[in-house]
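Written out below as structure tokens is the structure these notes cover.
Bear in mind these aren't lab numbers, they're just calculated from the coordinates by the rules spelled out. Bear in mind the structure is a predicted one, so any value in this text is a computation, not a measurement. Note: ideal-geometry Cβ built from the backbone for every residue, glycine included; neighbour counts use all protein chains shown.
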Amino acid sequence: MKTYIFPIEIEESSDGWSVRVPSLENRGAATWGRSRDEALRNIQEVAQMVVEEMIEDGESLPADVRVSETPAVAISV
């Protein structure tokens with residue numbers, strides 16, 4: 001198991017929060033949520049789907065990804 005950590009951009013708008021993974025946005029890694037926490041949960045799911053698809057297809061991951069060879073947790077405060 002590997003852990004992949006990507007920088008994200010999150011922004012509040014009038015109808016909630018938008019969030020994206022800039023280096024994966026061309027693959028659809030952008031979403032939103034009514035709350036900040038919901039948006040962060042959603043981007044986690046989207047990014048995981050994109051990364052799994054890229055790995056299955058044998059594609060290289062973007063250069064800005066940090067990879068841990070051991071399971072890890074990322075905490076944003």
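Couple of notes before you dig in:
- Counted over the chain, the DSSP beta bridges are approximately 100% antiparallel.
- Mean-square fluctuations from a GNM of the chain, with a 10 angstrom spring cutoff on Cα atoms, peak among ALA29, ALA63, ALA39 at ALA63.
- Shown for THR31, THR70: other C-beta atoms within 10 Å of each C-beta, ranked fewest to most, produce the order THR70, THR31.
- Cleavage-rule hits, GluC sites (Glu not before Pro), region 1-63, DSSP coil, Cβ neighbours within 10 Å at most 15: GLU59
- With all pairs of separate Cα atoms included, region 3-68 yields a Kirkwood hydrodynamic radius of 12.1 Å.
- Helical content alone sets the calculated 222 nm signal of the chain at -9500 deg cm²/dmol, taking -39,500 (n - 2.57) per DSSP H segment of four or more residues and averaging over every residue.
- Neighbour net charge for GLY16 - beta-carbon separation under 14 angstrom, K R +1, D E -1: -1
- Ranking of SER14, SER60 by count of other Cβ atoms within 10 Å, fewest first: SER14, SER60
- In the elastic network of the chain, a GNM with C-alpha springs shorter than 10 Å, the most mobile of VAL67, VAL46, VAL21 is VAL67.
- When MET1, MET54 are arranged by Cβ crowding within 10 Å, least crowded first, meaning fewest neighbours, the order is MET1, MET54.
- Once C-alpha pairs closer than 8 Å and six or more residues apart are averaged by separation and normalised to the residue number of the chain, the relative contact order reads 36 percent.
- Cα-based helix-to-principal-axis angle, 36-56 vs the chain, degrees rounded to 10: 30 degrees
- Backbone N under 15 Å from the ASN42 label point (7 Å along Cα→Cβ), restricted to region 1-34: 9-21, 28-34
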